[in-house]
Structure formats: structure tokens, C-alpha cells
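Each remark here refers to the structure printed beneath this line.
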Amino acid sequence: MEVVLAEKYGFCAGVRVADKLVRLAAKKGQKGAIFGQVVHNESVESEMARLGFPTVHDLETAKAHDKRVVFSAHGVAPSVRAEAASLGLATIDTTCKFVTDIHREIMKSLDDGCFIALLGQADHREVVGYTKDLDPAHYRVFYRLEEVTSFDWSGVPRVKIVFQTTINSESFAPHVEEIRRRVLDTRIADTICYATKENQDALRVLCNDPAIDAIVVIGGKNSKNTKELARIAQAKKPTFLIGTAVELDLARFAGMKKVGVSAGASTPDYDVEAVVERLKKATP
Ligand code: SF4
């Protein structure tokens with residue numbers, strides 16, 4: 001089978017830094033706990049646990065792991081940092097620079113008297129980090145278009161639209177339009193991460209190649225941007241969304257000659273390489 005990798009795929013700069021910081025700490029003999037997944041990828045999570053950094057879901061548990069906690073690339077709310085400090089935990093902060101910039105952007109916009117319309121998933125760790133400490137009267141998270149149209153905008157004279165970094169801008173363009181129609185002073189922070197967009201654009205190139213029979217998207221089951229890649233691919237080609245190479249059912253590629261491969265921003269290179277190797281061995 002011929003396998004074509006998307007020109008851009010896999011780990012983004014923010015995740016590479018997070019991965020590196022934890023590995024460096026492990027190399028120094030440190031142990032700790034990762035608060036939530038360091039990235040949304042089960043294979044990276046297992047690897048981190050092997051290095052002495054298991055994932056935990058509350059800070060209290062981190063006390064049992066050398067009193068050290070890692071904040072993921074998605075970032076956390078200021079109150080979480082304060083809680084870690086009050087528990088006497090040392091921290092390894094791997095928050096992506098873009099996420100830190102968005103935290104600042106939101107605070108500045110609130111100071112400017114803006115209502116924050118956050119376009120994304122309310123329960124996504126990144127979004128929880130932005131909103132956990134905010135006054136609910138000053139922001140709202142919108143995911144479905146109906147949530148925008150049914151919201152009472154009459155008391156909102158000025159709004160700042162902020163995007164979760166990994167969302168697809170095209171899917172949320174109607175949301176922006178609807179808000180613009182309702183609020184005269186609509187301001188937009190361009191916070192969609194270029195890494196996500198680059199992976200999406202490179203995948204679209206594969207999807208538009210008539211010689212490619214199917215697309216394989218590799219990534220964690222909880223990874224929003226991986227799911228987004230799969231959604232883009234599904235619109236054009238038969239698509240297989242898998243976590244690792246062992247999930248590949250080669251029988252389903254029978255009769256196919258050429259397959260395109262992409263991977264989410266939290267998928268490590270070694271998972272991509274393993275999938276490519278397995279696919280190459282498949283007989284068309
Ligand atoms: S996808 Fe973008 S915002 Fe998210 S961690 Fe990676 S570089 Fe940072």
C-alpha cells in the first residue's frame with residue numbers, strides 16, 4: 001500500500017514543549033503527577049506514567065507523587081495555581097504560550113467592559129481554565145449555533161469573541177455572524193491556533209487528491225482537534241480514526257492502493273510511524 005503523510009500532522013509546538021519538560025524532569029530523577037492529561041492522548045499518558053508522572057484528576061492526590069504537579073499545555077485557572085501553592089505542591093507549568101496569551105486577552109477584554117463570548121466546548125480543559133474563575137454574568141460559552149441565537153443579547157452592549165484554540169473556524173463562522181447581527185460593538189480575538197489550522201489544511205490537500213482511497217487519522221479519543229480532523233476527512237473520503245497502530249484493521253483497506261495519514265496535535269511521532277509502517281505492509 002502506498003502511504004502519504006500529510007505535510008503537517010501530529011505534535012504542535014505547545015505539546016512538544018510540554019512533552020519535553022516532563023521528560024527533562026524525569027531525567028533529573030523527579031517524580032510528580034500530571035493534573036489532567038498532559039495532552040489528550042492515551043499513549044502519551046501511559047508513557048508519562050512509565051516515566052514517573054501518572055495522571056491525576058485532583059490536586060490532593062498529587063501530594064502522594066513527590067508533592068509535584070504538572071499543569072498541562074491546556075493551562076489551568078488562577079485558582080488552581082493558588083490551590084496547588086496552598087497544598088505545598090511544586091509545579092511544572094507546561095501551559096502553551098498561546099493559551100497564556102488568551103488568558104491575558106480575556107482579562108484585558110473584561111477590563112475594557114466586554115462580555116466574553118467563548119466559542120468552544122464548555123467542559124474542555126482549556127475552556128475550563130479560562131472560565132473557572134470568571135463571574136458567570138460576564139461570559140458565556142457557546143458551542144451549538146442555537147445557543148447563540150437563543151441567548152438574550154439585549155443586555156450586552158459590547159462583546160469580545162474568543163475561540164477555543166483547536167476549533168474549526170469554518171464551523172463557527174455562522175456563530176460569529178449571528179453575534180455580529182445582535183451586538184453592534186462586536187470585537188474578535190483571533191485565537192484559533194495556527195498549528196491546528198496547519199494540520200487541517202494539510203489534511204484537506206490529501207482529501208482533495210483523487211488518487212487517495214481513504215484517510216487514517218491518528219489521535220486520542222478525547223482529543224478535540226483529532227476528532228475535528230476526522231470530521232474534515234469524513235466529508236471527502238472513507239476515514240478511519242484510530243488511537244494506535246494495533247487498532248488498524250487492515251482487512252478494511254482491501255482493494256485500496258493509496259492511503260493518506262494525518263494525526264492530531266497530541267499524537268506522538270512514534271504512534272504515527274507505527275501506523276505508517278503497518279499500512280505500508282498491507283497488500284492492495
Ligand atoms: S494546539 Fe496550539 S494552542 Fe494548543 S497546545 Fe498546541 S500550539 Fe498550543
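Some notes on this structure:
- Under 19 Å from a label point set 7 Å out along the Cα-to-Cβ vector of Ser171, the amide N atoms of the stretch 237-275 belong to 237-243, 262-267.
- Packing here is the average count of other Cβ atoms within 10 Å per residue, and on that basis the peptides 191-201, 103-113, 269-279, 156-166, highest first, run 156-166, 191-201, 269-279, 103-113.
- Rounded if a/c under 1.5, otherwise prolate or oblate - the chain, Cα gyration tensor axes: oblate
- Taking amide H as placed 1.01 Å from N in the peptide plane, the amide H of Phe240 sits under 5 Å from that of Ile215, Val216, Val217, each at least 5 places away or on another chain.
- Hydrodynamic radius (Kirkwood) for the stretch 72-143, which is based on Cα pairs only, to one decimal in Å: 12.9
- Sorted by Cβ neighbour density within 10 Å, fewest at the top, the residues Lys237, Lys67: Lys67, Lys237
- The convex hull of the Cα atoms of the stretch 13-95, projected and averaged over all directions, covers 4.7 nm².
- When the alpha-carbon atoms of the stretch 160-284 are used, the pair Rg, Dmax equals 17.0, 59 angstrom.
- When His138, His175, His65, His57 are arranged by Cβ crowding within 10 Å, least crowded first, meaning fewest neighbours, the order is His57, His138, His65, His175.
- Taking amide H as placed 1.01 Å from N in the peptide plane, Tyr139 has its amide H under 5 Å from the amide H of Ile116, each at least 5 places away in sequence or on another chain.
- Segment Leu110-Glu198, length gained on full extension (0.36 nm per residue, minus Cα span): 28.7 nm
- Point-to-point label distance, Glu60-Ser150, nm (Cα→Cβ direction, 7 Å offset): 3.6
- Of all lysines in the structure, those lying under 23 Å Cα to Cα from Lys63, and not within fewer than 8 positions of it along the same chain, are Lys20, Lys27, Lys28, Lys31, Lys132.
- Sorted largest first, the spans of the alpha carbon positions of the stretch 98-189 along the three principal axes are 30, 28, 19 Å.
- Fewest-first sequence of Lys28, Lys236, Lys8 by Cβ atoms within 10 Å of each Cβ: Lys28, Lys236, Lys8
- Residue separation of Arg181 and Asp209 scaled by 0.36 nm, minus their Cα-Cα distance, works out to 6.3 nm of gained length.
- For the chain, the 222 nm mean residue ellipticity estimated from helices alone, with every DSSP H stretch of n ≥ 4 adding -39500 (n - 2.57) and the total spread over all residues, rounds to -12500 deg cm²/dmol.
Every number here is computed from the coordinates shown, using simple stated rules; none is lab data. As the structure is a prediction and not an experimental result, all values here were calculated from the model. Cβ coordinates were reconstructed from backbone atoms using ideal geometry, including for glycine residues, and neighbour counts include every protein chain displayed.
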